[in-house]
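Following: one structure in structure tokens, then a few remarks.
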Amino acid sequence: MKRMLAVLFAALIAALTVLTGCITIETPEFDPPEDGAVDFSTTDINGEPISMEALSDKKVIMINFWESWCHPCVSEMPSIQALYEKYADRGFTVLGVYGQSEEEEIRAAVEKLHITYPVFYVTDSLKPYQTQYVPTTVFIDGSGRLLTAEPVVGSQSASDWESLILQYLDGE
């Protein structure tokens, strides 16, 4: 009986992973620095510079860790893009961050999905904000401070993302 329950539990975990997220094996656990501050400077896949300093005027920054081979990651990106467009004038932006996919696969996904927010390879300073799963999403403010203590692991519906974004934008 215990063995059967263990097998059922493992099957449930596998099903939930398929439905909400994909496992990655080369990333650390979520381990932000004690001060919780994000800081980075890099270029996106289009060669455009992107840095925390340049985002200092933003109220809410959604950092979405994803990979091109992760179906839940890719399937939620059109919703994230729509929210990026909808709330940009209220101080909201999105950063798409990848770490294992090939750049040409990332470019193909971004083009196919018409993603216009910055997408770039993970920087060393962002690695502590990842988990062993994608998608993983963290929210920070314009000073680079985490807005919550825990990341959002797994894909979310458009309405769930919108509710969370509005909570941060409205300061509730």
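Answer with yes or no whether V138 is farther than 21 Å from S51 by Cα and under 14 Å from the mean Cα position of the chain (by Cα). No.
Among residues of region 130-161 being under 12 Å from V60 (Cβ atoms) and of a type in the set (D, E, K, R), the one that is modelled with the highest pLDDT is D141.
Considered as a group, the residues in region 87-119 that are in a helix (DSSP H, G or I) and touching a residue at least 60 places away in the same chain (Cβ under 8 Å) include one that is farthest from the chain's Cα centre (by Cα), and that residue is R90. Scanning region 63-86 for residues that are within 14 Å of the chain's Cα centre (by Cα), surrounded by fewer than 15 Cβ atoms within 10 Å (Cβ to Cβ) and under 15 Å from Y117 (Cα atoms) yields a single hit, P78. Look at region 41-65: where a residue is without any contact (Cβ under 8 Å) to a residue 12 or more places away in the chain and a partner is aromatic (F, W, Y) and surrounded by 12 or more Cβ atoms within 10 Å (Cβ to Cβ), sitting 6+ places away or on another chain with Cβ atoms under 9 Å, you get S51/F40. Give me the residue from region 87-131 that is more than 16 Å from S155 (Cα to Cα) and in contact with a Ser or Thr (Cβ under 6 Å, 6 or more places away or on another chain) and, out of that set, surrounded by the fewest Cβ atoms within 10 Å (Cβ to Cβ). Applying the filter and picking the extreme gives E105.
Looking only at region 120-151, residues that are aliphatic (A, V, I, L, M) and either over 16 Å from P33 (Cβ atoms) or assigned to a loop (DSSP other than H, G, I, E, B) (or both) come to 5 in all. If only residues of region 132-148 that are surrounded by fewer than 21 Cβ atoms within 10 Å (Cβ to Cβ) and in contact with an Asp or Glu (Cβ under 9 Å, 6 or more places away or on another chain) are counted, the one that is nearest to E102 (Cα to Cα) is Q132.
The values are calculated or read from the model by the stated rules, or taken from the named source; none is laboratory data. Treat the numbers as computed from the prediction; the structure is a model and nothing was measured. All Cβ positions, even for glycine, are placed from backbone atoms using ideal geometry, and neighbour counts span all protein chains on display.
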